[in-house]
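See structure below.
The values are calculated or read from the model by the stated rules, or taken from the named source; none is laboratory data. Just so it is clear, the model here is predicted, and its values are computed rather than measured. All Cβ positions, even for glycine, are placed from backbone atoms using ideal geometry, and neighbour counts span all protein chains on display. Ligands, DNA and RNA are stripped out before the accessible areas are found, and what is left, the full protein with its side chains, is counted by its heavy atoms. Shrake-Rupley method; radii C 1.70, N 1.55, O 1.52, S 1.80 Å.
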Amino acid sequence: MRIDILTLFPESFAPFKESIISRAQKAGTIEINLINIRDFSCDKHKRCDDTPFGGGAGMLMSVQPVFDALKSVLTKNSKVIFPSPAGKVYNHQIAHQLAQNEHLIFVCGHYEGIDQRLIEIFDMEEISIGDYVLTGGEIPAMVIIDSLLRFVPGVLKEGSLTEESFSNGLLEYPQYTRPQSFEGLDVPAVLVSGNHAEIAKWRKQESIKKTKKNRPDLLEGGKSEN
Ligand code: ADE
């Protein structure tokens with residue numbers, strides 16, 4: 001999969017130089033390119049903001065540099081994502097769907113956003129990472145990219161996705177590692193019993209318990225197999 005990220009702040013994406021995402025790039029499983037929108041500005045001062053028609057507080061990103069930056073990477077197989085608090089709310093299923101694309105382009109908005117015609121011309125999918133407003137699209141783009149890349153074959157170890165939160169409509173069960181006794185608290189006995197059927201049963205029960213406590217909406221949605 002190839003991902004092009006259009007941004008005014010390419011250095012914000014330093015986290016992609018670490019850990020799993022960095023390894024997947026080095027292995028050639030994924031390709032991530034950072035494109036500085038400012039490099040495309042025809043303004044003599046390289047300005048990339050402009051005033052909104054109709055007035056109001058704040059500025060929009062200028063149309064010309066965003067349009068030209070997009071044109072420079074667009075192919076017939078590209079899907080363009082615009083992270084925005086006005087988008088549809090992101091979740092596990094959307095991450096999985098996005099991971100099926102061979103080329104994604106993210107347009108990171110700044111200031112008050114972008115001209116609506118850019119959204120229409122490039123058929124952008126507007127995605128929100130939650131009901132709050134961030135100062136720009138870089139962090140949301142990182143959240144979306146990090147989570148969808150986990151579904152790209154070869155990025156994670158095989159089997160890592162099968163038992164995690166949301167994979168079966170429930171939150172993941174509690175996990176324990178050594179030492180078996182810590183600060184007066186013991187690992188649940190079933191986990192050291194060696195009885196795999198009982199362990200699976202316990203994990204399912206604990207998943208349901210945790211989901212009821214932290215995300216009862218998931219159970220009401222009827223997505224769990226229970
Ligand atoms: N840009 C600013 N806030 C955002 C949000 N909640 N989701 C996606 N993009 C954003």
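Cβ-Cβ distances below 7 Å connect the following pairs, each with a first residue in the stretch 133-149 that is without any contact (Cβ under 8 Å) to a residue 60 or more places away in the chain, a second residue that is in a helix (DSSP H, G or I) and open to solvent by less than 30 Å² (accessible area, probe 1.4 Å), and a separation of six or more residues or different chains: 134/140; 147/95; 148/95; 148/98. Selection of the stretch 86-108 for residues being in contact with a strand residue (DSSP E or B) (Cβ under 6 Å, 6 or more places away or on another chain) and under 19 Å from residue 5 (Cβ atoms) yields 87, 90, 101, 103, 104, 105, 106, 107, 108. Only residues that are modelled with pLDDT of 95 or more, more than 8 Å from the ligand (Cβ to nearest atom) and open to solvent by 50 Å² or more (accessible area, probe 1.4 Å) were counted across the stretch 112-138, and they come to 6.
Of the listed requirements (1) away from the ligand (no atom under 16 Å from the Cβ); (2) of a type outside the set (Asp, Glu); (3) under 21 Å from residue 32 (Cα atoms), residue 109 misses just one: (1). In the set 209, 204, only one residue is surrounded by 13 or more Cβ atoms within 10 Å (Cβ to Cβ), touching a Phe, Trp or Tyr at 6+ places or on another chain (Cβ under 9 Å) and without any contact (Cβ under 8 Å) to a residue 24 or more places away in the chain; that residue is 209. Screening residue 153 with (1) in contact with a Lys or Arg (Cβ under 9 Å, 6 or more places away or on another chain); (2) open to solvent by 70 Å² or more (accessible area, probe 1.4 Å); (3) not charged (D, E, K, R) gives one miss only, at (1). The requirement of being of a type outside the set (Asp, Glu) and in contact with a Phe, Trp or Tyr (Cβ under 6 Å, 6 or more places away or on another chain) is not satisfied by residue 152.
Per-residue answers, yes or no, for (1) within 16 Å of the ligand (Cβ to nearest atom); (2) modelled with pLDDT of 95 or more; (3) open to solvent by 70 Å² or more (accessible area, probe 1.4 Å); (4) farther than 23 Å from residue 64 by Cβ:
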| position | (1), (2), (3), (4) |
| --- | --- |
| 102 | no, yes, yes, yes |
| 169 | no, no, no, yes |
| 174 | no, yes, no, yes |
| 184 | no, yes, yes, yes |
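Report yes if some residue within the stretch 58-73 is more than 17 Å from residue 119 (Cα to Cα), open to solvent by 70 Å² or more (accessible area, probe 1.4 Å) and either free of Cβ contacts under 8 Å to residues at least 40 places away in the same chain or not assigned by TED's automatic domain parsing to the domain that holds residue 114 (or both); otherwise report no. Within the stretch 58-73, not a single residue is more than 17 Å from residue 119 (Cα to Cα), open to solvent by 70 Å² or more (accessible area, probe 1.4 Å) and either free of Cβ contacts under 8 Å to residues at least 40 places away in the same chain or not assigned by TED's automatic domain parsing to the domain that holds residue 114 (or both).
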